[in-house]
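Novice: Let me begin by handing over the structure; questions about it come next.
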Amino acid sequence: MLSWSGTEQGMEVDLVSVQAATGGVAVNFAAELVSFATAATNYDTGDGNDDSALATSREALISTIGLDATIDAAAVIANFEMMTRLADSTGARMPTEVVADRSATATAMGVDKVVSRR
Amino acid sequence: MNINRHDIRQDLQYAHEQAWSSLSKPGTWWSGAQRRELAVTALMAVREAEPLPPWVTVSSVAGRIPNSRAAPLMAHDAIYRIARHASTLTSDWYARVCQQIDPLAYIELCGIACTVASIASFRRALGLECPELAEEESGEPSRKTPNNVVAAELNWVPVTAPADKSAAVVQAFTAVPETNRVIWAMADAQYIPDKEMVDPHWTRGTLSRVQMELVATRVSQQRECFY
């Protein structure tokens with residue numbers, strides 16, 4: 001979806017950069033968005049409430065893209081915390097031909113050998 | 001900056017309030033008491049700074065699950081694993097769970113895990129406390145079953161016919177329509193309304209589509225979700 005929407009808008013999205021948490025260079029505020037998403041999904045550093053890395057990345061995002069956009073970024077994070085569990089708990093898989101088409105993307109993202117590949 | 005509920009757009013607030021309150025109400029296969037109890041276990045799973053490893057069941061650790069329970073231990077074990085270690089699940093694990101839990105009840109359980117993980121994540125990302133779960137409502141599960149539930153190739157779980165004509169994530173919860181409705185109402189408010197999905201230029205006026213996909217991709221990668 002990221003590659004598709006980027007292409008449709010004439011943007012190059014570097015998936016290796018996304019995996020490295022540095023953001024894709026052509027997307028506005030990519031580094032801040034990826035930093036926020038990374039901190040928000042790192043549960044091992046907090047106790048379910050806040051932690052300093054998350055608070056810092058949230059404030060940085062608010063100062064660059066504003067409060068409403070930051071809330072919408074949190075909503076997207078929430079959605080994919082939901083969808084990843086939906087996919088993995090129901091054994092969702094893509095048709096074989098689709099997996100083959102996306103193998104390069106999966107490799108770039110470092111998810112080509114994960115347990116959830118089925 | 002302190003964020004409060006008035007900063008959150010109303011459709012998103014509404015979707016979350018509806019989903020959160022449903023956790024304490026009778027569902028299709030689980031009672032209100034069972035659903036609330038399983039939601040508490042899911043919340044514990046996503047909040048723990050030092051979670052149990054995937055191969056340790058939550059019921060095997062003293063003090064994690066109440067001695068007096070409404071839901072079976074297997075359901076607690078399953079929802080803990082889904083909420084915290086979803087990427088480690090295998091078809092063998094699913095088969096073992098379904099030796100004790102009906103596949104349709106399992107789907108509803110997955111929906112509870114998804115709801116808790118989503119809303120807890122949203123609140124935490126914004127530095128907001130998670131709301132308390134409401135007291136459980138009495139009443140029996142509806143046990144409403146579509147008359148066209150079939151096996152699927154693209155999911156472990158059964159779906160409504162015709163199977164495998166839509167994406168696996170889209171058909172995954174269709175055999176439990178109320179769970180399916182709640183989850184996709186949340187998705188519409190959190191991400192992109194279903195009817196806008198095909199438009200790469202659609203936005204809410206805040207994040208661009210590609211910015212949304214960037215965040216989505218990073219979360220999926222963090223969760224090691226191949227799909």
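Novice: Would it be correct to say that B:Glu153 is free of Cβ contacts under 8 Å to residues at least 12 places away in the same chain and assigned to a loop (DSSP other than H, G, I, E, B)?
Specialist: Values: free of Cβ contacts under 8 Å to residues at least 12 places away in the same chain: yes; assigned to a loop (DSSP other than H, G, I, E, B): yes.
Yes; evaluated as a whole, the condition is true for this residue.
Novice: Testing B:Asp164 on (1) touching a Leu at 6+ places or on another chain (Cβ under 7 Å); (2) surrounded by 19 or more Cβ atoms within 10 Å (Cβ to Cβ), one condition comes back false. Which one is that?
Specialist: (2)
Novice: Confirm whether B:Pro141 is touching a residue at least 60 places away in the same chain (Cβ under 8 Å), more than 13 Å from chain A (Cβ to nearest Cβ), open to solvent by less than 30 Å² (accessible area, probe 1.4 Å) and out of contact with any Lys or Arg (no Cβ under 6 Å at 6 or more places or on another chain).
Specialist: yes
Novice: Looking at segment A:81-95, I want the residues that are surrounded by fewer than 24 Cβ atoms within 10 Å (Cβ to Cβ) and have a partner that is not aliphatic (A, V, I, L, M) with Cβ atoms under 7 Å, at least 6 apart or on another chain. Which pairs are those?
Specialist: Pairs found: A:Gly91/A:Arg118; A:Gly91/B:Ser91; A:Gly91/B:Tyr94; A:Gly91/B:Asn155; A:Gly91/B:Trp156; A:Arg93/A:Arg118; A:Arg93/B:Tyr227; A:Met94/B:Tyr227.
Yes or no, residue by residue, for (1) within 20 Å of B:Glu129 (Cβ to Cβ); (2) at pLDDT 95 or above; (3) touching a strand residue (DSSP E or B) at 6+ places or on another chain (Cβ under 9 Å); (4) more than 7 Å from chain B (Cβ to nearest Cβ):
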| residue | (1), (2), (3), (4) |
| --- | --- |
| A:Tyr43 | yes, no, no, no |
| A:Ser52 | yes, no, no, yes |
| A:Asp72 | no, yes, no, no |
| A:Val76 | no, yes, no, no |
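Novice: Only residues that are over 12 Å from the mean Cα position of the chain (by Cα), open to solvent by 10 Å² or more (accessible area, probe 1.4 Å) and over 25 Å from A:Val98 (Cα atoms): list them for segment B:167-180, please.
Specialist: Within segment B:167-180, B:Pro177, B:Glu178 qualify.
Novice: Name, by its number, the condition in (1) open to solvent by 60 Å² or more (accessible area, probe 1.4 Å); (2) touching a residue at least 12 places away in the same chain (Cβ under 8 Å) that does not hold for B:Ile3.
Specialist: With respect to (1) open to solvent by 60 Å² or more (accessible area, probe 1.4 Å); (2) touching a residue at least 12 places away in the same chain (Cβ under 8 Å), B:Ile3 is out only on (1).
Novice: Filter segment B:98-119 down to residues that are in a loop (DSSP other than H, G, I, E, B) and open to solvent by less than 50 Å² (accessible area, probe 1.4 Å), then give me how many there are.
Specialist: Selection size over segment B:98-119: 2.
Novice: Do the conditions hold for A:Ala108, that is, is it more than 7 Å from every other protein chain (Cβ to nearest Cβ), more than 12 Å from A:Leu33 (Cα to Cα), surrounded by 16 or more Cβ atoms within 10 Å (Cβ to Cβ) and at pLDDT below 70?
Specialist: yes
Novice: Return the residue satisfying two criteria in turn: it lies in segment B:181-227 and is β-branched (Val, Ile, Thr) and not in a helix (DSSP H, G or I), and of such residues it is most open to solvent (accessible area, probe 1.4 Å).
Specialist: Here the answer is B:Val198.
Novice: Suppose we filter A:Glu8, A:Glu59 for residues that are open to solvent by 40 Å² or more (accessible area, probe 1.4 Å), within 7 Å of chain B (Cβ to nearest Cβ) and at pLDDT 90 or above; which single one remains?
Specialist: Details: A:Glu8 fails: at pLDDT 90 or above.
Result of the check over A:Glu8, A:Glu59: A:Glu59.
Novice: Taking segment B:6-44 as the search range and keeping residues that are more than 15 Å from B:Arg69 (Cβ to Cβ), of a type in the set (S, T, N, Q) and crowded, with 17+ Cβ neighbours inside 10 Å, which one is nearest to the chain's Cα centre (by Cα)?
Specialist: Only one residue tops the list, namely B:Ser22.
Novice: List every residue pair whose Cβ atoms lie under 6 Å apart, where the two residues are 6 or more positions apart in sequence or sit on different chains, the first residue falls within segment B:33-52 and is away from chain A (no Cβ under 13 Å), and the second residue, located anywhere, is of a type in the set (S, T, N, Q) and open to solvent by less than 20 Å² (accessible area, probe 1.4 Å).
Specialist: Correct list of pairs: B:Arg36/B:Ser24.
Novice: Next question. Do we find that B:Phe122 is under 20 Å from the mean Cα position of the chain (by Cα), closer than 20 Å to B:Trp30 by Cα and open to solvent by less than 60 Å² (accessible area, probe 1.4 Å) in this structure?
Specialist: Spelling it out, it is not the case that B:Phe122 is under 20 Å from the mean Cα position of the chain (by Cα), closer than 20 Å to B:Trp30 by Cα and open to solvent by less than 60 Å² (accessible area, probe 1.4 Å).
Novice: Can I ask one more? If the requirement is being more than 30 Å from A:Thr70 (Cα to Cα) and open to solvent by 20 Å² or more (accessible area, probe 1.4 Å), which of these qualifies: B:Ala71, B:Ala62?
Specialist: B:Ala62
The values are calculated or read from the model by the stated rules, or taken from the named source; none is laboratory data. Since we're looking at a predicted model, the values are computed, not measured. Cβ atoms come from the backbone with ideal geometry, glycine included; neighbour counts cover every protein chain shown. Areas reflect the complete protein model, heavy atoms only, side chains present, ligands, DNA and RNA absent. Shrake-Rupley method; radii C 1.70, N 1.55, O 1.52, S 1.80 Å.
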